[in-house]
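Report on the following structure.
The values are calculated or read from the model by the stated rules, or taken from the named source; none is laboratory data. This is a predicted model, so every value here is computed, not measured. When we count neighbours, we look across all protein chains shown, and the Cβ atoms used for this are built from the backbone with ideal geometry, even at glycine.
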Amino acid sequence: MVHSPLLDEERRGLVDDVRRFALEELADPGYADREEGGEFWHEGWRKCAAKGLCGLPVPQELGGAGADRVTTAAALEALGYGCVDAGLVFSINAHLWSAVVPLWRHGSDDQRERFLPRLARGEVVGLHAMTEPDSGSDAFALRTVAEPDGAGHVLRGRKTLITNTPVARLYIVFARAPATEGALGVSAFLVEAGAAGVSTGEPTEKMGLRTSPMADLVLDDVYVGPEAVLGKPGRGARVFASSMEWERLLIMAAQLGALDRALEEEVAAARHSKRSAFGLEPNNDVLVDVRVALDAARALLYETAWSYDHGETRASRAAAVKLFASETVLRAALDMSDGRRLRDAVGGRLYSGTSQLMRRIVARDLGL
């Protein structure tokens, strides 16, 4: 694993520490059985939480590690390199980008004080609930309604394919005011697990990232008070946009780390094969192409993260990172004939917005 030149010596030490931690503390001999059964690794989550990985970008005074985007990307890449449980790593990403960041960026002082330290310490797993059976890439085609009721609201609707639902204790639920369309009228609400009217569906069977739990979230006349609104009423689109800004930029960092490790293993096997007596030479061109594509994806990730840290936050730049990195990881898994990593990689073209949506975002920035 090669360090980004954008990391100084102190941050390189932090990244090396995360990689050692992942290789040593997250080496789980029971992973194959858990992966087959789709079982979330609670012990692994607790270890990552104790390491500070569940609150990486949150300021230290609010209970986090205070890492900028470049450092966060490097720490997650190191985690992905060392931890074979890609589902656990994905659940940490979902927790960070869909719950921790929105609450940090948009929460009131009272909301931050109540929830953020526990989220950042990993004591509470969080999620945001946007996707619905009839929405998907058109995120604001949602039908969940927030009906005004006195000073508060009553939430009714169903969210689907929501990562972390079976283990989460805090939900950020997006719902619209009656008789509104599109992004206008959508608000974000903080809802705690166990609230009256909240229920979850059966765990979703998945092809990849099987140890990251997913299920539907059902809201049946769930009353929330005015203190539950995250951000401003009717401005839920801003909450969602800030989540996507961080998520699309950084969610592939761990998969790039995992690919780096897989490539090292393939290269080592190829060297052994080259010295064998069977007369079969490995396909070096494939490994070279993977190395070049991986280096390009990492360079784009870190350069864009640095730009975001310095105030340039065009949505198209994060979309380009998500597009190129996810396609790179998938293509590499295909080329290296890595079945398990292929199953994990396919979802990268779908979650956080499909590759087609990422292309449309970049195209708009080009004036197309």
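Whether any residue in the range 93-107 is of a type outside the set (Phe, Trp, Tyr) and either over 18 Å from the mean Cα position of the chain (by Cα) or outside any helix (DSSP H, G or I) (or both) is what I want to check.
For the range 93-107, residues of a type outside the set (Phe, Trp, Tyr) and either over 18 Å from the mean Cα position of the chain (by Cα) or outside any helix (DSSP H, G or I) (or both): present.
Being on the phi < 0 side of the Ramachandran plot and in contact with a Pro (Cβ under 9 Å, 6 or more places away or on another chain) is the filter; apply it to the range 169-201 and report the residue that is surrounded by the fewest Cβ atoms within 10 Å (Cβ to Cβ). Spell out the reasoning first.
Restricting attention to the range 169-201, the residues satisfying the condition of being on the phi < 0 side of the Ramachandran plot are 169-178, 180-181, 183-184, 186-193, 195-196, 198-201.
Next, from what is left, pick out any that are in contact with a Pro (Cβ under 9 Å, 6 or more places away or on another chain): 172, 177-178, 187-188, 200.
Values: ILE172: 27, ALA177: 16, PRO178: 9, SER187: 23, ALA188: 28, THR200: 17.
Of everything passing the filter in the range 169-201, PRO178 is surrounded by the fewest Cβ atoms within 10 Å (Cβ to Cβ).
Specify which of the listed residues (GLU247, GLU266) is under 17 Å from ASN164 (Cβ atoms), outside any loop (DSSP other than H, G, I, E, B), assigned by TED's automatic domain parsing to the domain that holds VAL321 and in contact (Cβ under 8 Å) with a residue 60 or more places away in the chain. Lay out the reasoning, then the answer.
Details: GLU266 fails: under 17 Å from ASN164 (Cβ atoms).
None of the other options fit; the residue is GLU247.
Are there strands (runs of 3 or more DSSP E) fully within the range 125-207 with at least 3 residues that are of a type in the set (Lys, Arg)? List them.
Result: 152-163.
Among the candidates ARG143, ARG114, which residue alone is out of contact with any helix residue (DSSP H, G or I) (no Cβ under 6 Å at 6 or more places or on another chain), modelled with pLDDT of 95 or more and of a type in the set (Lys, Arg)?
ARG114
Has the range 209-223 got at least one residue that is closer than 22 Å to SER91 by Cβ, of a type in the set (D, E, K, R) and either modelled with pLDDT under 95 or touching a Gly at 6+ places or on another chain (Cβ under 7 Å) (or both)?
Looking through the range 209-223, at least one residue is closer than 22 Å to SER91 by Cβ, of a type in the set (D, E, K, R) and either modelled with pLDDT under 95 or touching a Gly at 6+ places or on another chain (Cβ under 7 Å) (or both).
Failed condition for PHE115, given (1) over 21 Å from the mean Cα position of the chain (by Cα); (2) in the same structural domain as GLY63 (by TED's automatic domain parsing), with all others met?
Only one criterion in (1) over 21 Å from the mean Cα position of the chain (by Cα); (2) in the same structural domain as GLY63 (by TED's automatic domain parsing) is unmet by PHE115, namely (1).
Being outside any strand (DSSP E or B) and within 30 Å of GLU36 (Cβ to Cβ) is the filter here; which residues of the range 208-244 pass it?
Across the range 208-244, the qualifying residues are GLY208, LEU209, ARG210, THR211, SER212, PRO213.
Report yes if GLY231 is under 15 Å from THR131 (Cβ atoms) and either modelled with pLDDT under 95 or of a type outside the set (A, V, I, L, M, F, W, C) (or both), otherwise no.
No, not satisfied.
GLY157: at pLDDT below 95 and not assigned by TED's automatic domain parsing to the domain that holds LEU26, yes or no?
no
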